[in-house]
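Contents: one structure, followed by commentary.
Readers should treat all values here as calculations from the given coordinates under stated rules, not as data from a laboratory. The shown structure was predicted, so the numbers you read here are calculated from the model rather than taken from an experiment. So basically every Cβ, Gly included, is an ideal-geometry build from the backbone, and we count neighbours across all protein chains shown.
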């Protein structure tokens, strides 16, 4: 059975800290891995990863994929209170286009 | 503007009263799906559709129906809602050719009393 597991499930840090969120997966016919940020509304897209070892970067956020070990990490440096959100990892199956989501990591950044 | 539109955004209803949540996308995406989100459980897929007239069950389909008569629309139907269907629902669409992310609607918060 396909599954995506995120860790930790929740995390509390202070502004300025660096955090690493983890996502491991077991999915047949892997196409891509996606990271989303969810505040009090719909998930918003952060990154799509398809190849191992190539870091995607956007401001203070970065992510990388390891297709051999079947995991991805999302790094946030110099965290701000606006980074407080649920971070969702999803893996897309290539034969159906189906997205399998992890449980999400709830990040709280305190001032 | 590329978007997925869900309606209504909020709904309170009573047990057993049929309801429909609409979802429409303007990106000509083949793939559409419905998720429910509950605390601690993440996003769980209810139903999905790979194209017009092609629908299939996701992980938690019980108590729900869908239809895909047109490419842009993918309504979610609750024939006889029950309190355990109280949840936050999201519709999403994506291209089956890949290399693009899934786009989400704004969500529908449903309460069944």
| Looking only at the range A:67-111, which residues have a backbone nitrogen under 14 Å from a spot 7 Å from the Cα of residue A:22 in the C-beta direction? | A:69-75, A:105
| request: Please report B:30, A:92, B:62 as a ranked list, fewest other C-beta atoms within 10 angstrom at the top and most at the bottom. | output: B:62, B:30, A:92
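If you count, for every residue in A:47-55, the Cβ atoms of partner chains within 10 Å of its Cβ, what is the mean? Mind dumping the intermediate values first?
Details: counts 1, 5, 0, 2, 0, 0, 0, 0, 0.
Mean inter-chain Cβ contacts per residue within 10 Å come to 1.
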| query | If each residue's Cβ is checked for other Cβ atoms within 10 Å, how do A:13, B:4, A:109 rank with the fewest at the top? | reply | A:13, A:109, B:4
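Would you order B:34, A:35 from fewest to most other beta-carbon atoms within 10 Å of each residue's own beta-carbon? Could you put the intermediate results ahead of the total?
Numbers: B:34 27, A:35 23.
Sorted ascending by nearby Cβ count, the order is A:35, B:34.
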| task | Determine the shielding of peptide A:34-43 by partner chains: average, over its residues, the number of Cβ atoms on other chains within 10 angstrom of each Cβ. | result | 4
| query | Label residue B:67 and residue A:84 with points 7 Å out from Cα along Cα→Cβ: what is the distance between them in nm? | reply | 4.4
| Label points 7 Å out from Cα along the Cβ direction at residue A:52 and residue B:57: separation in nm? | 3.6
| Can you give the average number of partner chain beta-carbon atoms within 10 Å of each beta-carbon in peptide A:2-9, as a whole number? | 1
